[in-house]
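A quick write-up on the structure given underneath.
The values are calculated or read from the model by the stated rules, or taken from the named source; none is laboratory data. In this text, all values refer to a predicted model and were calculated from it rather than measured experimentally. Note: ideal-geometry Cβ built from the backbone for every residue, glycine included; neighbour counts use all protein chains shown. What goes into the accessible areas is simple: the full protein's heavy atoms, side chains included, and nothing from ligands, DNA or RNA. Shrake-Rupley method; radii C 1.70, N 1.55, O 1.52, S 1.80 Å.
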Amino acid sequence: SLASTAITCFTRGLDLRKETEDVLCPANCPLWQFYVFGDGVYASLSSVCGAAIHRGVITNAGGAVRVQTLPGQDNYPAVNANGIQSQVLTRWASSFSVTRTKNTALEAVGRSVSTARPSTGKRPKKPLDKKAGNKDCKADIAFLIDGSYNIGQRRFNLQKNFVGKVAVMLGIGTEGPHVGVVQASEHPKIEFYLKNFTAAKEVLFAIKELGFRGGNSNTGKALKHTAQKFFSLENGARKGIPKIIVVFLDGWPSDDIEEAGIVAREFGVNVFIVSVAKPTTEELGMVQDIGFVDKAVCRNNGFFSYQMPTWFGTTKYVKPLVQKLCSHEQMLCSKTCYNSVNIGFLIDGSSSVGDSNFRLVLEFISNVAKAFEISDIGSKIAAVQFTYDQRTEFSFTDYTTKEKVLSAIRNIRYMSGGTATGDAISFTTRNVFGPMKDGPNKNFLVVLTDGQSYDDVRGPAAAAQKAGITVFSVGVAWAPLDDLKDMASEPRESHTFFTREFTGLEQMVPDIIRGICKDFLDSKQ
């Protein structure tokens, strides 16, 4: 067809529905607001018009562009071209390319279309259910506002206006984003929680009512307090929805913010910093840590920091900030060891274990599994029992709730037989972890045995580790230390556990959980 779809400055590749689509970009899009990832091949998260200008297909005067959907890829590069700095993205599920459209008649047709309401390339929206809010923006957000003497009463009020505009544009609602506000000054004060309001009108009113506290800008203290206390389920945080803290900072913090950043990451919170009025060259001497932004944000990749020159005329900064807060896939800190691991348990069912000790083994497994957030989008658990033979009790995809997993563990029946641990490791690597190998979660195998294996364990364990599985070995009673060490991942000391009695398993639970979390964090650095 000749007609092209008129789109906005903000339409992304993923908003378009067809394999190949001719679109019309408007004129005078503000270049600094574009999010573009890659060069030539762009992640579909990118703005279409931004990519077209970056590629040189059109100028900022707008015009017709042909968009071609492409498969996703790894490592989209950052390149500065035509006034747009594209950004790095390690991986995305789909991409697109932009070229000039062949047909000039298209221009004329497109122009007449574009005087109508600009479409975003989606079908006409059903009238937005006001109560539900913007369902495409699932987030639990704490605005950490600056209430220090640095900012002063007048700019504090401008800050409130800006936060109000962001809150309204987010589309707060029962099924959309929820927000709360914390004021940082000498001591942090939680002004209202996520659960207090679910309508933009109420939030706006609550923001208007906020009083200026004054005091030092102890942003670090406030950030740590917010990460630890604000997002509890009883305060209205929702399961499986990204937790975000947007820190507003006028000038710089009076305390250390690095430790607070670490705590926030451990709690699975995505920290953004909006800095206003950056310290001038003369003021830098007063800042105790010049790199404060990089140390506090979720990831130091440019996405989580945002700068505004002053508190005046900030309206144009609202939309790009909202777009960032609604980019679900970019919330890299939502992944924690508790919600992003697959743990396979390999259970010795040999006759030396005995029925009552086998129960203690199952209890141990339950207590480890209990610590993790098990769901279809979270962590997953699997179990295999072995003698000379192997039996998959349940695989990673069988149960997606904690209750079902724990009940499946309780129902495991004791086999009784010989001990071929090496074979069992190979079986588990192939059949249980094999199907998961391209998934997002990190893989762990916990091997429990009470005796000498009849076969070689070193080869199979090395193969499992080569396949990206971290192995913890837990030995009881007659399990030889050499076998346990041969199975365990490096550093072996911290991945090998031993107890004389089955009753000693209980004490190991916290150490195993901590070990899994440590490995998870190390793999992310």
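Points worth noting:
- Taken about its Cα centre, the range 136-286 carries a charge dipole of about 460 debye when Lys and Arg each add +1 at the Cβ and Asp and Glu each add -1 at the Cβ.
- Selection from Thr401, Met415, Leu445 lying farthest towards where the dipole of the range 399-449 points positive, charges on Cβ: Thr401
- Nonpolar atom fraction for the range 384-437, defined as the carbon and sulfur part of the 1.4 Å probe accessible area, stands at 46 percent.
- Net charge contributed by nearby residues that have their C-beta within less than 11 Å of Cys49 (K/R +1, D/E -1): +2
- Per residue solvent-accessible surface (Å²) - the range 341-522, probe of 1.4 Å: 44
- Remark: the chain carries a charge dipole of roughly 2660 debye about the Cα centre, counting +1 on each Lys and Arg Cβ and -1 on each Asp and Glu Cβ.
- Surface exposure of the range 5-100, expressed per residue as accessible area with a 1.4 Å probe, stands at 41 Å².
- In a DSSP loop and with at most 13 other Cβ atoms within 10 Å, the trypsin sites (Lys or Arg not before Pro) in the range 489-525 are Arg500.
- Anisotropy class of the range 203-333 from Cα gyration tensor, a/c 1.5 cut: rounded
- Assuming charge only on the beta carbon of Lys and Arg (+1) and of Asp and Glu (-1), the dipole of the range 341-522 about its Cα centre is about 380 debye to the nearest 20.
- Annotation: lysines with alpha-carbon distance below 18 angstrom to Lys442 (same-chain offsets under eight excluded): Lys335, Lys370, Lys380, Lys466, Lys518, Lys524.
- Rounded if a/c under 1.5, otherwise prolate or oblate - the range 433-525, Cα gyration tensor axes: oblate
- Partnerless cysteines, meaning none of the other Cys C-beta atoms lie under 4.7 Å away, in the chain: none
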